[in-house]
Amino acid sequence: MTKYDFKDRVLVLTGATGGIGRAVARLFHDNGARLYLIDRDASVLADLARELGADPERAAADKVEDVLSRDLAAARVLTHAMDVASPRDAEAAAARVGAAWGGVDFLVPAAGIYPADPLADMSDEQWRKTLAINLDGVFYLTQRLVPLLRAGSAIVNLSSMAAHRGALRNAHYSASKGALLSFTRSIARELGPGTRVNAVSPGIIETPMVAELLKTRADESVSQSMLKRLGRAQEVATAIAFLCSDDASFITAQVLHVNGGLYVPG
(Lines give C-alpha, C1' and ligand atoms only; values in the text may rest on other atoms or scores of the structure.)
Protein backbone atom coordinates (compact mmCIF):
# COMPACT_ATOMS: atom_id res chain seq x y z
CA MET A 1 0.00 0.00 0.00
CA THR A 2 1.24 3.48 -0.87
CA LYS A 3 2.67 5.41 2.07
CA TYR A 4 2.10 9.15 2.29
CA ASP A 5 3.99 11.77 4.23
CA PHE A 6 1.21 13.15 6.43
CA LYS A 7 3.51 13.63 9.43
CA ASP A 8 2.07 16.23 11.82
CA ARG A 9 -0.51 17.35 9.24
CA VAL A 10 -3.96 17.83 10.76
CA LEU A 11 -7.00 15.83 9.62
CA VAL A 12 -10.52 16.79 10.74
CA LEU A 13 -12.77 13.77 10.22
CA THR A 14 -16.49 13.49 10.93
CA GLY A 15 -18.29 10.17 11.09
CA ALA A 16 -15.02 8.90 12.51
CA THR A 17 -16.44 5.76 14.13
CA GLY A 18 -18.32 4.57 11.03
CA GLY A 19 -16.99 1.92 8.71
CA ILE A 20 -15.32 4.29 6.25
CA GLY A 21 -14.44 6.80 8.98
CA ARG A 22 -12.49 4.22 10.99
CA ALA A 23 -10.57 3.13 7.91
CA VAL A 24 -9.67 6.75 7.13
CA ALA A 25 -8.61 7.40 10.73
CA ARG A 26 -6.34 4.37 10.83
CA LEU A 27 -4.77 5.07 7.44
CA PHE A 28 -4.00 8.72 8.15
CA HIS A 29 -2.75 7.86 11.64
CA ASP A 30 -0.43 5.20 10.18
CA ASN A 31 0.94 7.86 7.84
CA GLY A 32 1.76 10.28 10.65
CA ALA A 33 -1.22 12.65 10.66
CA ARG A 34 -2.78 14.28 13.69
CA LEU A 35 -6.46 13.43 13.97
CA TYR A 36 -9.40 15.50 15.18
CA LEU A 37 -12.10 12.83 15.26
CA ILE A 38 -15.77 13.80 15.39
CA ASP A 39 -18.84 11.63 15.94
CA ARG A 40 -21.96 11.59 18.15
CA ASP A 41 -21.05 8.92 20.70
CA ALA A 42 -18.28 9.85 23.13
CA SER A 43 -17.83 6.27 24.35
CA VAL A 44 -17.33 4.90 20.83
CA LEU A 45 -14.92 7.74 20.08
CA ALA A 46 -13.02 6.78 23.24
CA ASP A 47 -12.75 3.20 21.98
CA LEU A 48 -11.37 4.44 18.65
CA ALA A 49 -8.86 6.70 20.38
CA ARG A 50 -7.74 3.71 22.45
CA GLU A 51 -7.34 1.59 19.29
CA LEU A 52 -5.09 4.30 17.88
CA GLY A 53 -2.91 4.26 20.98
CA ALA A 54 -4.22 7.46 22.56
CA ASP A 55 -5.43 8.04 26.11
CA PRO A 56 -9.20 8.51 25.68
CA GLU A 57 -9.44 10.94 28.60
CA ARG A 58 -6.68 13.20 27.31
CA ALA A 59 -8.02 12.93 23.76
CA ALA A 60 -11.55 14.10 24.64
CA ALA A 61 -11.43 17.72 23.49
CA ASP A 62 -15.21 18.09 23.82
CA LYS A 63 -14.93 17.72 27.60
CA VAL A 64 -12.54 20.62 27.99
CA GLU A 65 -14.01 24.05 28.67
CA ASP A 66 -10.88 25.77 27.41
CA VAL A 67 -8.62 23.73 25.15
CA LEU A 68 -5.89 26.32 25.65
CA SER A 69 -5.63 25.23 29.28
CA ARG A 70 -4.04 21.95 28.18
CA ASP A 71 -0.79 21.23 26.41
CA LEU A 72 -2.10 19.62 23.23
CA ALA A 73 0.63 20.64 20.82
CA ALA A 74 2.16 17.16 20.86
CA ALA A 75 -1.14 15.24 20.81
CA ARG A 76 -1.73 12.86 17.90
CA VAL A 77 -5.45 12.20 18.49
CA LEU A 78 -8.27 14.42 19.77
CA THR A 79 -11.94 13.43 19.87
CA HIS A 80 -15.07 15.56 19.93
CA ALA A 81 -18.58 14.17 20.49
CA MET A 82 -21.01 16.49 18.74
CA ASP A 83 -24.02 16.81 16.46
CA VAL A 84 -22.76 17.57 12.95
CA ALA A 85 -26.13 19.14 12.11
CA SER A 86 -25.59 21.83 14.76
CA PRO A 87 -23.99 25.14 13.68
CA ARG A 88 -23.01 25.83 17.29
CA ASP A 89 -21.22 22.47 17.55
CA ALA A 90 -19.40 23.19 14.29
CA GLU A 91 -18.17 26.50 15.67
CA ALA A 92 -16.96 24.80 18.84
CA ALA A 93 -15.08 22.15 16.86
CA ALA A 94 -13.36 24.77 14.71
CA ALA A 95 -12.37 26.80 17.76
CA ARG A 96 -10.93 23.78 19.55
CA VAL A 97 -8.94 22.35 16.65
CA GLY A 98 -7.57 25.83 15.99
CA ALA A 99 -6.59 26.25 19.62
CA ALA A 100 -4.93 22.84 19.72
CA TRP A 101 -3.00 22.80 16.44
CA GLY A 102 -3.39 26.21 14.83
CA GLY A 103 -4.65 25.05 11.46
CA VAL A 104 -6.13 22.27 9.33
CA ASP A 105 -4.54 20.41 6.42
CA PHE A 106 -7.24 17.88 5.56
CA LEU A 107 -11.02 17.84 6.02
CA VAL A 108 -13.03 14.67 5.38
CA PRO A 109 -16.68 15.14 6.41
CA ALA A 110 -17.70 11.49 6.34
CA ALA A 111 -20.69 11.63 8.70
CA GLY A 112 -23.91 10.50 7.10
CA ILE A 113 -27.07 8.46 7.46
CA TYR A 114 -28.69 6.09 4.95
CA PRO A 115 -32.36 5.67 5.85
CA ALA A 116 -34.78 3.66 3.72
CA ASP A 117 -37.98 5.69 3.34
CA PRO A 118 -40.15 5.36 0.22
CA LEU A 119 -41.14 8.74 -1.21
CA ALA A 120 -44.88 8.18 -0.76
CA ASP A 121 -44.42 7.49 2.96
CA MET A 122 -41.54 9.86 3.68
CA SER A 123 -42.24 12.40 6.41
CA ASP A 124 -41.04 15.98 6.38
CA GLU A 125 -38.97 15.14 9.44
CA GLN A 126 -37.24 12.22 7.68
CA TRP A 127 -36.41 14.41 4.69
CA ARG A 128 -35.12 17.27 6.84
CA LYS A 129 -33.06 15.03 9.15
CA THR A 130 -31.27 13.35 6.24
CA LEU A 131 -30.36 16.63 4.57
CA ALA A 132 -29.41 18.20 7.90
CA ILE A 133 -26.82 15.51 8.63
CA ASN A 134 -25.63 14.66 5.12
CA LEU A 135 -25.55 18.15 3.61
CA ASP A 136 -26.06 20.95 6.15
CA GLY A 137 -23.48 19.42 8.47
CA VAL A 138 -20.84 19.47 5.73
CA PHE A 139 -21.53 23.14 5.07
CA TYR A 140 -21.46 24.15 8.74
CA LEU A 141 -18.10 22.58 9.52
CA THR A 142 -16.45 23.44 6.21
CA GLN A 143 -17.46 27.08 6.46
CA ARG A 144 -16.22 27.39 10.04
CA LEU A 145 -12.89 25.79 9.16
CA VAL A 146 -12.11 28.03 6.16
CA PRO A 147 -9.97 30.46 8.24
CA LEU A 148 -7.92 27.50 9.49
CA LEU A 149 -7.18 25.87 6.13
CA ARG A 150 -3.46 25.91 5.45
CA ALA A 151 -1.81 26.39 2.07
CA GLY A 152 -1.71 23.05 0.28
CA SER A 153 -4.73 21.74 2.18
CA ALA A 154 -7.36 19.39 0.79
CA ILE A 155 -11.02 18.63 1.36
CA VAL A 156 -12.56 15.32 0.28
CA ASN A 157 -16.34 15.06 0.49
CA LEU A 158 -18.13 11.72 0.67
CA SER A 159 -20.79 11.52 -2.01
CA SER A 160 -22.26 8.26 -3.28
CA MET A 161 -23.10 6.24 -6.35
CA ALA A 162 -26.68 7.18 -5.46
CA ALA A 163 -25.92 10.79 -6.37
CA HIS A 164 -25.28 9.75 -9.97
CA ARG A 165 -27.87 7.08 -10.72
CA GLY A 166 -30.52 7.74 -8.05
CA ALA A 167 -31.44 5.51 -5.14
CA LEU A 168 -34.43 3.21 -4.61
CA ARG A 169 -36.39 4.23 -1.48
CA ASN A 170 -33.67 6.72 -0.54
CA ALA A 171 -34.57 9.92 -2.42
CA HIS A 172 -33.51 12.11 0.51
CA TYR A 173 -30.13 10.38 0.72
CA SER A 174 -29.61 10.59 -3.04
CA ALA A 175 -30.58 14.29 -3.08
CA SER A 176 -28.16 15.11 -0.25
CA LYS A 177 -25.28 13.34 -1.95
CA GLY A 178 -26.04 14.92 -5.32
CA ALA A 179 -25.99 18.36 -3.72
CA LEU A 180 -22.59 17.54 -2.20
CA LEU A 181 -21.14 17.13 -5.70
CA SER A 182 -22.28 20.63 -6.67
CA PHE A 183 -21.03 21.98 -3.34
CA THR A 184 -17.66 20.35 -4.01
CA ARG A 185 -17.25 21.99 -7.40
CA SER A 186 -18.39 25.37 -6.11
CA ILE A 187 -16.08 25.58 -3.13
CA ALA A 188 -13.17 24.24 -5.18
CA ARG A 189 -13.49 27.42 -7.25
CA GLU A 190 -13.65 29.60 -4.14
CA LEU A 191 -10.91 27.97 -2.08
CA GLY A 192 -8.29 27.43 -4.80
CA PRO A 193 -5.43 27.67 -5.22
CA GLY A 194 -4.65 27.18 -1.53
CA THR A 195 -7.10 24.33 -0.98
CA ARG A 196 -8.06 21.53 -3.36
CA VAL A 197 -11.60 20.13 -3.04
CA ASN A 198 -12.69 16.78 -4.45
CA ALA A 199 -15.27 14.10 -3.77
CA VAL A 200 -15.34 10.32 -3.62
CA SER A 201 -18.48 8.44 -4.68
CA PRO A 202 -18.45 4.95 -3.18
CA GLY A 203 -20.66 2.15 -4.44
CA ILE A 204 -21.89 -0.60 -2.15
CA ILE A 205 -19.28 -0.77 0.61
CA GLU A 206 -19.59 -3.45 3.29
CA THR A 207 -20.10 -1.27 6.37
CA PRO A 208 -22.64 -1.16 9.22
CA MET A 209 -24.45 1.78 7.57
CA VAL A 210 -25.71 -0.41 4.71
CA ALA A 211 -26.27 -3.58 6.77
CA GLU A 212 -30.05 -3.54 6.19
CA LEU A 213 -29.60 -3.00 2.46
CA LEU A 214 -27.19 -5.92 2.22
CA LYS A 215 -29.73 -8.29 3.78
CA THR A 216 -31.87 -8.07 0.66
CA ARG A 217 -29.67 -6.69 -2.13
CA ALA A 218 -26.13 -7.97 -1.55
CA ASP A 219 -26.39 -10.76 -4.13
CA GLU A 220 -27.91 -8.41 -6.71
CA SER A 221 -25.18 -5.82 -6.15
CA VAL A 222 -22.42 -8.42 -6.45
CA SER A 223 -23.88 -9.91 -9.64
CA GLN A 224 -24.13 -6.48 -11.29
CA SER A 225 -20.62 -5.45 -10.31
CA MET A 226 -17.79 -5.92 -12.80
CA LEU A 227 -15.54 -7.09 -9.96
CA LYS A 228 -18.20 -9.43 -8.52
CA ARG A 229 -17.84 -8.39 -4.90
CA LEU A 230 -18.71 -5.67 -2.44
CA GLY A 231 -16.29 -2.87 -1.68
CA ARG A 232 -14.19 -2.57 1.47
CA ALA A 233 -13.93 0.53 3.63
CA GLN A 234 -10.15 0.45 3.27
CA GLU A 235 -10.52 0.84 -0.49
CA VAL A 236 -12.47 4.06 -0.02
CA ALA A 237 -9.95 5.28 2.56
CA THR A 238 -7.05 4.80 0.15
CA ALA A 239 -8.87 6.85 -2.50
CA ILE A 240 -9.39 9.63 0.05
CA ALA A 241 -5.73 9.52 1.10
CA PHE A 242 -4.63 9.78 -2.52
CA LEU A 243 -6.80 12.86 -3.11
CA CYS A 244 -5.36 14.48 0.03
CA SER A 245 -1.78 13.66 -0.91
CA ASP A 246 0.70 15.57 -3.02
CA ASP A 247 0.28 12.85 -5.68
CA ALA A 248 -3.06 14.53 -6.44
CA SER A 249 -1.62 18.06 -6.42
CA PHE A 250 -3.21 19.00 -9.79
CA ILE A 251 -6.61 17.43 -9.10
CA THR A 252 -9.49 19.56 -7.84
CA ALA A 253 -13.26 19.84 -8.37
CA GLN A 254 -13.38 16.18 -9.42
CA VAL A 255 -15.23 13.06 -8.28
CA LEU A 256 -13.54 9.67 -7.96
CA HIS A 257 -15.82 6.63 -8.28
CA VAL A 258 -15.03 3.65 -6.03
CA ASN A 259 -17.71 1.14 -6.95
CA GLY A 260 -16.18 -1.93 -8.56
CA GLY A 261 -17.87 -1.13 -11.86
CA LEU A 262 -21.38 -1.26 -10.42
CA TYR A 263 -22.00 2.14 -11.98
CA VAL A 264 -20.13 3.66 -14.94
CA PRO A 265 -20.60 7.41 -15.50
CA GLY A 266 -21.59 8.39 -19.03
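Observations on the model:
- Residues of the stretch 22-61 classified as closer than 17 Å to Val104 by Cβ, touching a strand residue (DSSP E or B) at 6+ places or on another chain (Cβ under 9 Å) and modelled with pLDDT of 95 or more, total: 10
- Boolean, Val197 is at pLDDT below 95, buried (at least 16 other Cβ atoms within 10 Å of the Cβ) and either outside any loop (DSSP other than H, G, I, E, B) or more than 18 Å from the chain's Cα centre (by Cα) (or both): no
- Boolean, Gly137 is surrounded by 21 or more Cβ atoms within 10 Å (Cβ to Cβ) and not hydrophobic (A, V, I, L, M, F, W, C): yes
- Test: residue in the stretch 63-76 that is at pLDDT below 95, part of a helix (DSSP H, G or I) and buried (at least 21 other Cβ atoms within 10 Å of the Cβ): no
- Checked against (1) charged (D, E, K, R); (2) under 26 Å from Leu119 (Cα atoms); (3) at pLDDT 95 or above, Arg165 passes all but condition (3).
- Extreme residue, modelled with the highest pLDDT, among residues of the stretch 77-114 that are touching a Phe, Trp or Tyr at 6+ places or on another chain (Cβ under 7 Å) and closer than 26 Å to Asn170 by Cα: Pro87
- Of the residues Ala99, Ala94, Ala90, Ala111, the single one that is out of contact with any strand residue (DSSP E or B) (no Cβ under 8 Å at 6 or more places or on another chain) and under 14 Å from Gly15 (Cα atoms) is Ala90.
- Matching residues, the stretch 140-180, being assigned to a loop (DSSP other than H, G, I, E, B) and surrounded by fewer than 17 Cβ atoms within 10 Å (Cβ to Cβ): Gly166, Leu168, Arg169
The values are calculated or read from the model by the stated rules, or taken from the named source; none is laboratory data. Keep in mind that what you see is a predicted model, and the values were worked out from it rather than measured. Here Cβ is always computed from backbone atoms with ideal geometry, including for glycine, and neighbour counts include all displayed protein chains.
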